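These notes concern the structure reproduced below.
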Amino acid sequence: MAKPYPGRWILRTLLFTAGHIDRYIEKAFATDADCIVLDLEDAVPESKKAFARDNIVEHAKRHRTTKYPILVRINPLESGMTLLDLDRVACQEIGGFVYPKAYCAADVEAFDSQLTLKEKTLGLEHGHFEIIVLMETPQAILKAFEIATASSRVIGLLFGSEDFLTDMEGFHGPDGRSMLCARHIVAMAARAAGIAAIDTPYVQVHDIDGLKVHIQQAKELGYEGMLVMTPRQIEVAREMYTPAKNEVEEAREMVKLAEEAAAADRGIAVSKGVFISPPTLKRQKRLLSRYEAIEAFEEYRGF
């Protein structure tokens, strides 16, 4: 059986919603979020977890034709509920899992083994279920690259600042300085591993100007998307994490000039008075590749 979404995951906006509240889930599936994450962990009280498991499966199957990549944030191994979650929610319609409270590569390796067993049991191809690791402990930050490369299923690292700052006994300071180091390490580890760097949510949900500053800082660090707390954040995040038309045009022009210079055996190409160095050319080619992937994804989704 094929994966629910066959192409490269586009992860500008991951909309989390509690797995036990129907109206929130239906609202999520009516948005333009790139990915829906149905939560079984913090957003679901202990008394509602069994119901949430059944509810998630029901909604995933109901929305199988809506072309949303669907993930489930599962309970971590330390909770004792991981296998209970997997046994109930793992199905063809689910594309993968957000794994929280990671501490080290061994956590991801153990979870990978559980997913392999579930795929065999369900008759799914190996690798059907992918993983985004939620990096929210100091231990995880210090072992970020090991975690990023612990399994071929890992497609992204998601920085979780709230739990991280709690464990650090820190707090949000001016300009995000209290989380800058960890935020940067997560992005570096993800990029070094060739996977997506996904930023922490911006918790001031009514502050759109603050959200824009938050995203600009993240882009400067190398992030390509973020967890969104509410549908009202989606439009801004989608726009800011998509290469702008002028950026795409400039990138195409730089690539064209560099190719012309190479064909003419010239070692130097200049665009608008700026020398096109090998790193610059590489950056522009990556921008174009991302833009094309976004276009393909949005065509698939019917945007």
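Read-outs throughout are calculated quantities, based only on the coordinates presented, and are distinct from any laboratory measurement. Computed from a predicted structure; not experimentally measured. In this analysis, Cβ positions are derived from the backbone assuming ideal geometry, glycine residues included, and neighbour counts consider all displayed protein chains.
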Return the long-range amide H neighbours of VAL98 (sequence gap of 5 or more, or a different chain), with a cut-off of under 5 Å between placed amide H atoms. VAL72, ARG73, ILE74, ILE132
In terms of the charge dipole of the stretch 245-301, which places +1 on Lys and Arg and -1 on Asp and Glu at the beta carbon, the residue among ILE276, TYR300, LEU288 farthest towards the positive end is ILE276
Across all directions of projection, what mean area in square nanometres is found for the Cα convex hull of the stretch 207-303? 7.7
Fraction of the pair-distance distribution of the stretch 1-150 above 29 Å, Cα-Cα pairs, percent: 11
Separation between Cα centres of the stretch 235-302 and the stretch 38-77, rounded to whole Å: 38
Scalar couplings 3J(HN,Hα) for the stretch 29-42 by Karplus 6.51 cos²θ - 1.76 cosθ + 1.60 (θ = phi - 60°), nearest whole Hz, x for Gly and Pro, are 6, 9, 9, 9, 4, 5, 8, 9, 10, 8, 9, 10, 9, 4
For the pair ASP209 and ALA244, how long in nm is the line joining their label points, each one 7 Å along Cα→Cβ? 1.9
Over all pairs of distinct alpha carbons, what does the Kirkwood formula give as the hydrodynamic radius of the stretch 245-301, in Å? 12.1
So for PHE297, PHE275, fewest C-beta neighbours within 10 Å to most, what's the order? PHE275, PHE297
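By counting other Cβ atoms within 10 Å of each Cβ, how are SER289, SER47, SER161 ranked from fewest to most?
Ascending Cβ contact count within 10 Å gives the list SER47, SER289, SER161.
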Between GLU292 and GLU26, what length in nm is gained on full extension when 0.36 nm per residue of separation is reduced by their alpha carbon distance? 92.8 nm
Selected from GLN204, LEU84, LEU71, residue furthest toward positive end of dipole (the chain; charges at beta carbon): LEU71
Which ordering of LEU84, LEU77 is given by a fewest-first count of other beta-carbon atoms within 10 Å? LEU84, LEU77
What is the P(r) of the chain, as percent of Cα-Cα pairs per 20 Å bin from 0? 32, 56, 11, 0
With x for Gly and Pro, the residue-by-residue ³J(HN,Hα) of the stretch 114-120, computed from phi through the Karplus equation 6.51 cos²θ - 1.76 cosθ + 1.60 at θ = phi - 60° and given in whole Hz, is 5, 5, 4, 5, 5, 4, 5
What distance in nm separates the two pseudo spin-label positions at TYR300 and GLU109, each 7 Å out from Cα along the beta-carbon direction? 3.1
With +1 on the Cβ of every Lys and Arg and -1 on the Cβ of every Asp and Glu, the dipole magnitude of the chain about its Cα centre, in debye rounded to the nearest 20, is 600
Nearby lysines by direct alpha-carbon distance to LYS67 (threshold 20 angstrom, same-chain neighbours under 8 apart not counted): LYS3, LYS27
